[in-house]
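Single-structure report; data block below.
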Amino acid sequence: MTLPRFKRILLKLSGEVLMGQGQFGIDPATCERVALEIKAAKDAGHEICLVVGGGNIFRGLAGAAQGIERTTGDYMGMLATVMNALAMQSTLERLGVDTRVQSAVQMDKICEPFIQRRADRHIAKGRVVIFAAGTGNPFFTTDSGAALRAAEMKCDALFKGTSVDGVYDADPKKVATAKRYDSLGYGRVLADNLKVMDAAAVALCRDSNIPIVVFNIREPGNLAAVLRGEGTATIVQNENEYA
Ligand code: UDP
């Protein structure tokens, strides 16, 4: 598949990506593997914004199911994303990649607050900026946070790193005949409720005309390969784009 050259990308990683083979928490070896992917993309000349989820530690909805008030649970989830952001910061810096963490919820002992112009300046200086705490609001997700930051940072595309190599018309782990799309429109994703990102995030990308590239982050070297237009991925975009 030929992709246009995306200079500035926002990479969204679910918390689950960071737990490796485990069932919970942060696996340092997996963080390092993911950090190497980011370093390779950066070394190839791309500007990288990173948004990490928190599902490997805490989700507000799961807390609510066990009696934790939803808003409180969502703030706990946002705090989980800050832990993941710090883990990725530490790992990237160990590999020699300069970073800054900016949080949607202010915590000035730990990281910077989100300030778009300042984030832009960090990127201009060659740093990877890691955005933590999603949108800073309960009842949202880090997918929506990623779409929002991608729009604010004028990213050319939102890269969603998953454990499959794109978007399928059915779950490829359950349905042997599931077909992978090379490219599809935002409308189809929303109408068919395809599991790309949550609907609010997809709609925000559609309205800001930001393509979503879904690819397998677990395959070594894949982020840089997809960015070169060589890997396997699905691009979600306005239907007539690049036709
Ligand atoms: N969260 C929130 N507002 C946001 C982003 C996240 O309330 O803008 C909370 C929410 O409770 C969510 C948790 O943080 O369940 C972890 O984020 P998410 O589920 O998006 O993480 P992921 O699935 O990507 O690991």
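Computed quantities for the displayed model
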read-out	value
Loop-exposed chymotrypsin sites (Phe, Trp or Tyr not before Pro) per DSSP, neighbour cap 15 Cβ within 10 angstrom, longest uninterrupted part of the chain	25-138
Alpha-carbon centroids, the stretch 55-75 and the stretch 86-121: separation in whole Å	25 Å
Dipole magnitude (debye, nearest 20) for the chain, charges at Cβ of Lys, Arg, Asp, Glu	380 debye
Relative contact order [Cα under 8 Å, 6+ residues apart], the chain, whole percent	22 percent
Probe 1.4 Å, accessible area per residue of the stretch 1-118, Å²	48 Å²
Compactness of the stretch 1-141, expressed as Rg and Dmax over alpha-carbon positions, Å	15.3, 48
Of the trypsin sites (Lys or Arg not before Pro) in the stretch 5-39, those whose Cβ has at most 14 other Cβ within 10 Å and which sit in DSSP loop	5, 7
Distance between the stretch 179-237 and the stretch 1-40 - C-alpha centres, whole angstrom	15 Å
D (Stokes-Einstein, µm²/s), Kirkwood Cα radius, the chain, 1.002 mPa s at 20 °C	120 µm²/s
DSSP-assigned coil residues among GluC sites (Glu not before Pro) in the stretch 16-122, each with at most 15 further Cβ atoms within 10 Å	69
Using alpha carbons only: equivalent-ellipsoid semi-axes of the stretch 78-211, gyration tensor based, whole Å	30, 16, 15
Dipole axis of the chain (+1 Lys, Arg; -1 Asp, Glu on Cβ), positive-most option in 151, 44, 236	44
1.4 Å probe accessible area per residue over the stretch 124-163, in Å²	32 Å²
Solvent accessible area, Å² - residue 205, 1.4 Å probe, full protein context	0 Å²
Amide N proximity, the stretch 142-167 versus residue 116 label position 7 Å along Cα-to-Cβ, cut-off under 20 Å	142-159
MRE, 222 nm, helices only [DSSP H, n ≥ 4, -39500 (n - 2.57), over the chain, to nearest 500]	-11000 deg cm²/dmol
Percent accessible area from carbon and sulfur atoms, the chain, protein chains only, probe 1.4 Å	50 percent
Accessible area in square angstrom per residue, the stretch 164-243, 1.4 angstrom probe	51 Å²
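The values are calculated or read from the model by the stated rules, or taken from the named source; none is laboratory data. Being a predicted model, the structure only gives us computed values, none of them experimental. For neighbour counting, all protein chains shown are included, and Cβ atoms are generated from backbone atoms with ideal geometry for every residue, glycine included. Surface areas here come from the heavy atoms of the whole protein model, side chains and all, with no ligands, DNA or RNA. Shrake-Rupley method; radii C 1.70, N 1.55, O 1.52, S 1.80 Å.
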